Amino acid sequence: MNATAPESAPSPQSKDNDWSSFLEKVVADFDCTTGTLHRFDPADNHLKLMASMRIPEVLIPVIQSIPVGKGIAGAAAERREAVEMCNLQTDPSGVAKPGAKQTQVQGSLAVPVMDGSRLCGTLGIGKMIPYDFTEEEKQNLMQRAASVAARLLPA
């Protein structure tokens, strides 16, 4: 499979760099700086990191496996809806975990990757400035996530 194909998504058996290519395109299309793609593992109810972009190395072990319900990605998975923060650095909600501030991200958006009603993972993007994502942007990211849902998890 050609990893540079613009709208193609890798199969779960593809190399990690195929998922990285998908994530890089999404991050660029939304004019963002950072991104993560997690796969849902029903065996332990955790989100497992498939690809990341510009996440500090010190945080990679922390985001390798995220319990559903914890942090921004975990909240998106649990709620089955977009979770947005205009400024992660100053957000008082408690959804973002303290380590997330190390990313220096301000505007962030995480959405569940859904295949119908089945949770397959999460897709998150972030900007280095405070930012309110529009409803159109949220729906667009949900659609992008859904486009890879069936291929993110084995059938």
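No value in this document is a laboratory result; all are computed from the given coordinates. Nothing here was measured: the structure is a model prediction, and the numbers come from that model. Note that each Cβ is placed from the backbone with ideal geometry, even for glycine, and that neighbours are counted across all protein chains shown.
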At 10 °C in a medium of viscosity 1.306 mPa s, the chain has a Stokes-Einstein diffusion coefficient, with Rh taken as the Kirkwood radius over alpha carbon pairs, in µm² per second, of 105
Straight-line reach check, LYS138, cutoff 20 Å on alpha carbons, 8 or more apart in-chain or any other chain, hits among lysines -> LYS25, LYS127
If amide H atoms are modeled at 1.01 Å from N in the peptide plane, then the residues at a separation of 5 or more from GLY121, or on another chain, having amide H under 5 Å from its own are PHE40, VAL113
Ranked by GNM mean-square fluctuation in the chain (Cα springs under 10 Å), the top entry among SER108, SER117, SER52 is SER117
With only helices counted (DSSP H, runs n ≥ 4, each -39500 (n - 2.57)), the per-residue ellipticity at 222 nm for the chain, to the nearest 500, works out to -9000 deg cm²/dmol
Counting only DSSP loop positions in region 25-87, the GluC sites (Glu not before Pro) whose Cβ has at most 16 other Cβ atoms within 10 Å are GLU81
Excluding residues fewer than 8 positions from LYS70 in its own chain, the lysines with Cα under 19 Å of it are LYS48, LYS97, LYS101
Helix 135-152 sits off the longest principal axis of the Cα atoms of the chain, rounded to the nearest 10 on a 0 to 90 degree scale, by 40
Two pseudo-spin positions, 7 Å from Cα along C-beta at ARG118 and at ASP44, lie apart in nanometres by 2.2
